[in-house]
Each structure stands twice: as structure tokens, then as C-alpha cells.
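Since the structure comes first, as C-alpha cells, the remarks are kept for the end.
Please treat every number below as a calculation from the coordinates, not as lab data. Just so it is clear, the model here is predicted, and its values are computed rather than measured. Please note: Cβ atoms are built from the backbone with ideal geometry, for glycine as well, and neighbour counts cover all protein chains shown.
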Amino acid sequence: MFVNGFMDKKELRKQVRIAKALVPLEEKISRSEKIMTKVGELEQFKSANTVLLYWSMDDEVSTHAFVNMWYKKKNILLPCVEGDDLLLRRYSGPSSMTKGPQFGIPEPTGSVFEKLDEIDIIVVPGVAFDKCGNRMGRGRGFYDRLLKTTPNAYKVGVAFDFQIYDSIPTESFDVPMDCVVSE
């Protein structure tokens, strides 16, 4: 269904979910390595001290190897779901992870990182992005709420090529990315 010239969010999420399901996990991981290598080559990443990444689910751009490669060299933060919000905790290695209560995604344990103005770069997953840097998430608004509290951080969306559209539907509360990296 199209609304104001755009595919509606529900239909777009369904289309992307189907496209993701057609790509075997091994291929997603291979494509992810290319994407995350490009992220690592960004000047904003190279100069960053504190980086907010995410611990990927199987249908997202895989970040596990990247997180493990960088956590001893940079201050790597990962989000933890608490109610309707994301709290941030420092990643200090695989043994610091525990199964998250809401979605079962592994999350780091330890104290909450509250110095949001110290975050230099944020790598953000999404269902779809457009060529203007707009992002559509899964619909719960976790990242949009978090990104509003980190206005100084450089925001990098990561996606597979098939998740990039000419334009996607946006809302007033959506926070655009500074750049989007795909294969």
C-alpha cells in the first residue's frame, strides 16, 4: 500500500523481512564484513574514542567480529533494552554478556554509561534507509529516542544494499543518519 507516494511502513518492513530471509546467514556475515570494514575506515570512526555499536541479531548487519576486534582499542558501548528505552553499557569482552530480558539479545553487564555527550560515533541498525539518510527501524522507537540524547555523535546507519531505497516514509520524530554504509 502506498501513502503520499510512499510505501507504508508496515509493507516496507514486510518486504525487507522477506528479502533478508532469502539471504543465507553465511552470506549475511560475508556482506557484513565488507560493510563493517568500511565503517572502520571512516575518519569519524578512526578518530573516535567512544563508539556506540550494537550486538546484532541474525537478520541484521553482523557486528560481533567488529565489536570484538575493537573493544580493547576503543571504548565500545552496546545498548541494553530497559522498558521502552536503551541503556548503554561498556562492552568488556564476550564473558561480560548476558541474555537480555526482553528480546533475548546478549547485553553487557555492569554499570550504565551516562556520559552521552562523550559518544563520538554511533553505528545504527535499521530495517530500511534512504539516500537522504532517513532511517526506518522496527517500529518501537528505541533508537530515535536515544539518538535525540546524543546530538553531537556522528550517526552511521549500516544496511545491506537491498535495504537502501530512494525514499522511505518518515515521521517528525525520526532522526536521520549522517551517513549510511552498505556493501
Looking only at the stretch 110-133, which residues are of a type outside the set (Val, Ile, Thr) and under 25 Å from Gly83 (Cα atoms)? Gly110, Ser111, Phe113, Glu114, Lys115, Leu116, Asp117, Glu118, Pro125, Gly126, Ala128
Name the residue, out of Met69, Met57, that is surrounded by fewer than 17 Cβ atoms within 10 Å (Cβ to Cβ), free of Cβ contacts under 8 Å to residues at least 60 places away in the same chain and under 23 Å from Lys14 (Cβ atoms). Met57
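For the stretch 39-49, which positions are in a helix (DSSP H, G or I) and surrounded by fewer than 16 Cβ atoms within 10 Å (Cβ to Cβ)?
Gly40, Glu41, Glu43, Lys46
Out of the residues in the stretch 126-152 that are hydrophobic (A, V, I, L, M, F, W, C) and more than 10 Å from Ile168 (Cβ to Cβ), state the one that is surrounded by the fewest Cβ atoms within 10 Å (Cβ to Cβ). Give the derivation first.
The first filter runs over the stretch 126-152 and keeps only residues hydrophobic (A, V, I, L, M, F, W, C), leaving 127-129, 132, 136, 142, 146-147.
Filter once more, keeping what is more than 10 Å from Ile168 (Cβ to Cβ): 142, 146-147.
Working: Phe142: 15, Leu146: 21, Leu147: 20.
Among them, the one singled out is Phe142.
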Does the stretch 23-33 contain at least one residue that is surrounded by 14 or more Cβ atoms within 10 Å (Cβ to Cβ), under 15 Å from the mean Cα position of the chain (by Cα) and not in a helix (DSSP H, G or I)? no
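Conditions tested, residue by residue: (1) under 15 Å from the mean Cα position of the chain (by Cα); (2) part of a loop (DSSP other than H, G, I, E, B); (3) within 28 Å of Ala21 (Cα to Cα); (4) of a type in the set (Ser, Thr, Tyr).
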position: Tyr54; (1), (2), (3), (4): yes, yes, yes, yes
position: Met57; (1), (2), (3), (4): yes, yes, yes, no
position: Cys80; (1), (2), (3), (4): yes, no, yes, no
position: Thr98; (1), (2), (3), (4): no, no, yes, yes
position: Gly104; (1), (2), (3), (4): no, yes, yes, no
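One line per residue, one yes/no per condition, for (1) among the aliphatic types (A, V, I, L, M); (2) assigned to a helix (DSSP H, G or I); (3) over 26 Å from Trp70 (Cα atoms):
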residue	(1), (2), (3)
Ile122	yes, no, no
Gly126	no, no, no
Gly157	no, no, no
Ser167	no, no, yes
Phe173	no, no, yes
